[in-house]
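Accompanying notes for the structure given below.
Just so you know, all these numbers are worked out from the coordinates, no wet-lab data involved. The structure displayed is predicted, hence computed values, not measured ones. Here Cβ is always computed from backbone atoms with ideal geometry, including for glycine, and neighbour counts include all displayed protein chains.
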Amino acid sequence: MARVIIPTPLRKFTNDQASFETNSSTVFEAIKAIAVAFPEIQKHLFDENDQIRNFIRIYLGDEDINVLDKEQTALSPNDELSIIPAIAGGKD
Amino acid sequence: MKELVFTPKALFDVHRHLISTYPHEGCGFFYGKIGERKEVLDVREVKNQNTENPERAFEISGIDYVKAERYALENNLDLLGVYHSHPDHPAVPSEHDLRYALPNFSYIIVSVIRGEIAATSSWTLNEENKFIQEQVFEYEEHEIKNH
């Protein structure tokens with residue numbers, strides 16, 4: 001099964017579970033499966049059109065899925081997905 | 001809201017890093033354990049990816065975030081939050097900081113004035129998505145000057 005690492009700030013919606021195992025065959029299905037298992041996380045991962053939110057990025061191993069097949073990137077057993085929130089700021 | 005308690009080395013490492021990046025903003029992650037207080041045991045600096053305006057803004061790459069979560073899991077630590085500096089500016093969060101803030105993270109802001117540490121503060125979001133300040137201590141229990 002593929003493993004999805006839940007980002008720390010969202011773990012309060014997964015009962016502090018740090019990772020999620022899934023048999024999903026694509027990235028989109030895997031992220032959707034998390035939202036089905038933990039409904040409170042849905043709005044943090046998906047917008048009102050059920051698309052993965054703009055400011056969330058997904059990495060497969062060390063690669064951004066945007067340089068692969070995006071949300072339709074195929075998953076293999078032993079793959080590791082990471083959900084990445086945007087981290088930025090500054091004095092203005 | 002919980003207090004943040006630093007080991008002296010962790011706080012020294014944050015300050016040393018942010019002095020070295022002055023007059024640019026520096027940034028990194030900090031790790032530890034959450035109990036009655038948030039204990040900051042380890043810090044890891046990362047590169048500020050904002051090349052347009054690094055004196056006034058910071059940005060952390062996706063791969064650095066992936067590595068930060070991995071580091072926490074591998075070392076059995078909690079990823080507690082993000083630190084960054086405000087060069088020649090107070091240690092209070094900006095609208096830009098608020099726009100990117102995530103729930104359940106702590107945000108340490110260090111004011112670096114003319115290359116020297118002036119103040120260290122920590123902030124977290126409340127239920128209304130507004131910043132509230134967390135008290136910051138070193139292990140010796142001396143509260144760090146916030147303003």
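Overview of values
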item: Mean projected area (nm²) of the alpha-carbon convex hull when region A:1-41 is viewed from all directions; result: 2.5 nm²
item: Of A:K70/B:K9; B:K2/B:K47; A:K12/B:K67; A:K32/A:K91; A:K91/B:K38; B:K9/B:K47, those spanning more than 32 Å from alpha-carbon to alpha-carbon; result: A:K70/B:K9; A:K32/A:K91
item: Cα Rg, Dmax (largest Cα-Cα span) when computed across region B:1-74, Å; result: 13.4, 40
item: Packing-based order for B:117-123, A:48-54, A:74-80, B:74-80, using average beta carbon neighbours within 10 Å, highest first; result: B:117-123, B:74-80, A:74-80, A:48-54
item: Estimated 222 nm signal from helices in chain A, with DSSP H stretches of n ≥ 4 weighted -39500 (n - 2.57), rounded to 500; result: -4000 deg cm²/dmol
item: In nm, spacing of pseudo-spin labels at B:R44 and B:D88 (7 Å Cα→C-beta vector); result: 3.3 nm
item: Gaussian network model of chain B, Cα within-10 Å springs - most flexible of B:G35, B:G26, B:G115; result: B:G35
item: Antiparallel bridge percentage (DSSP; both residues within chain B; nearest 5); result: 65 percent
item: Reciprocal of mean inverse Cα separation for chain A (Kirkwood radius, Å); result: 13.4 Å
item: Separation of the B:K67 and B:T51 label points, Cα + 7 Å toward Cβ, nm; result: 1.7 nm
item: Residue mean of other protein chain beta carbons inside 10 Å, A:3-9; result: 5
item: Debye log10 I(q)/I(0) at q = 0.14, 0.20, 0.21 Å⁻¹ for chain B, Cα point scatterers; result: -0.60, -1.34, -1.49
item: Percentage relative contact order, chain B, counting C-alpha pairs under 8 Å, at least six apart; result: 25 percent
item: Å³ per residue enclosed by the Cα convex hull of the protein assembly as shown; result: 122 Å³
